[in-house]
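What follows is a single structure, written as structure tokens, with notes after it.
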Amino acid sequence: MRRVLTGIQPSGHITLGNYLGAIRPLLELQNEDDVELLVFIADLHAITVPQERAKLRSNIKELAALLLACGLDLNKSHLFIQSEVPCHNQLGWVMECNSYIGELERMTQFKDKKVKQVDGVSAGLLTYPPLMAADILLYDADLVPVGEDQKQHLEITRDLATRFNNKYGETFKVPEAYILKTGARIMSLADPSKKMSKSDSNPKGYISLLDDINVAKKKIKSAVTDSDNKIKFDKDNKPGLSNLITIYSALTNKELSDIENIYQDSTYQKFKEDLANIIGDFLTNIQDKYNYYISSDNMDLILNSGRDLAYHYASRKLQKVYHKIGLGRY
Ligand code: TYM
């Protein structure tokens, strides 16, 4: 049995980038035999930057309903909230004590987020990767589906696992990142040199899975492209158009070259209209299911059962770790 695990922060509306980078590969793996999926809402990670209480609460609930709406199969997948399984904080501390400040300061995401933080940089922003390592190592995850931006965090997770195993004896499975070729880095629709992000101050840059359908379609139609009008995938010279072709390819499972062929005699306008309709259908389907889950009493049952199973796995691993280090009495 292979174990697949991933987490998403409830730090804003989740975007098409999150879907294509992390959820789509998760759903792909869910179709395989002999897999168990653990999916969690990374609320402890979200508080590394300031959060408003009521907003955080509603984002957690929204994200849970959205993940279910995207198609988690509850026969294979278990959904839980990170802060409800305290072993994450506990192993997180152990991982912090096995990390070096220098390696944490070199993390790209820390350097990027640090400059954006006007109200002071929390220590949690620096110690984010050891907590993320704990999230993964607690469950002996084999595969971790993530977008390109999390690659470095997966590398440090592997380093920390290996470091611990060398020091205390074989304890953790060393996990592999699972990053798809298409869709692992979706760019902003307003500025294709930047990653599509749920915390972008310009809502035209991203499509939220809960965007009004017409608003989402307009965002595609007004996405920044060049003026060449030839539908050709060329990341360096046509970054905006190439980003749209990537989205098209990921949502339809068509090869990039097939899309170029379909539109070889077409204009950008026609291509964008078709993509807008594809996105419209995709969002309508998710939003219908979301509306069901968000008002269903089932959500609490699902999250309780996910929490209990996660705790069952995580507490055993934590006990083993404490024992190896010599913490406590047993
Ligand atoms: P987060 O919440 O920033 O993003 C969730 C997932 O979405 C992917 N992603 C993207 N993929 C493609 N294009 C984009 N524009 C894009 N933007 C985001 C991210 O790579 C991620 O896979 N640290 C993680 C949460 C986390 C986690 C974990 C993940 C905490 N613990 C353990 C895996 C395993 C994060 O901040 O993701």
- prompt: Here are some residues: 199, 249, 227. Which one is crowded, with 20+ Cβ neighbours inside 10 Å and polar (S, T, N, Q)?
  reply: 249
- prompt: Can you find even one residue in the range 174-189 that is out of contact with any Cys (no Cβ under 9 Å at 6 or more places or on another chain) and closer than 20 Å to residue 321 by Cβ?
  reply: yes
statement: Log entry, pairs with first residue in the range 72-85 being within 18 Å of residue 62 (Cβ to Cβ) and among the hydrophobic types (A, V, I, L, M, F, W, C), second being assigned to a strand (DSSP E or B) and at pLDDT 95 or above, beta carbons closer than 6 Å, six or more apart or on different chains, reads 79/39; 80/40; 81/41
message: Can you tell me which residue is surrounded by the fewest Cβ atoms within 10 Å (Cβ to Cβ) among those in the range 100-129 that are in contact with a Pro (Cβ under 9 Å, 6 or more places away or on another chain) and not polar (S, T, N, Q)?
response: 119
query: Which residues, counting only those in the range 52-89, are more than 15 Å from residue 42 (Cα to Cα) and buried (at least 18 other Cβ atoms within 10 Å of the Cβ)?
result: 68, 69, 70, 72, 77
Lone unmet requirement of (1) more than 10 Å from the ligand (Cβ to nearest atom); (2) of a type in the set (Val, Ile, Thr); (3) not in a helix (DSSP H, G or I) for residue 156: (3)
task: May I ask you to list the residues in the range 297-307 that are over 11 Å from residue 64 (Cβ atoms) and not hydrophobic (A, V, I, L, M, F, W, C)?
output: 297, 304, 305, 307
- request: For residues that are closer than 20 Å to residue 301 by Cα and touching a Lys or Arg at 6+ places or on another chain (Cβ under 9 Å), tally how many sit in the range 42-65.
  value: 1
- prompt: within 14 Å of the ligand (Cβ to nearest atom) and outside any helix (DSSP H, G or I) - does that describe any residue in the range 95-109?
  reply: yes
field: Identity of the residue in the range 163-173, part of a loop (DSSP other than H, G, I, E, B) and surrounded by 17 or more Cβ atoms within 10 Å (Cβ to Cβ), that ends up farthest from the ligand (Cβ to nearest atom)
entry: 171
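The values are calculated or read from the model by the stated rules, or taken from the named source; none is laboratory data. Computed from a prediction, not measured in an experiment: that's the story for all the values here. Positions of Cβ are backbone-derived with ideal geometry, glycine not excepted, and every protein chain shown enters the neighbour counts.
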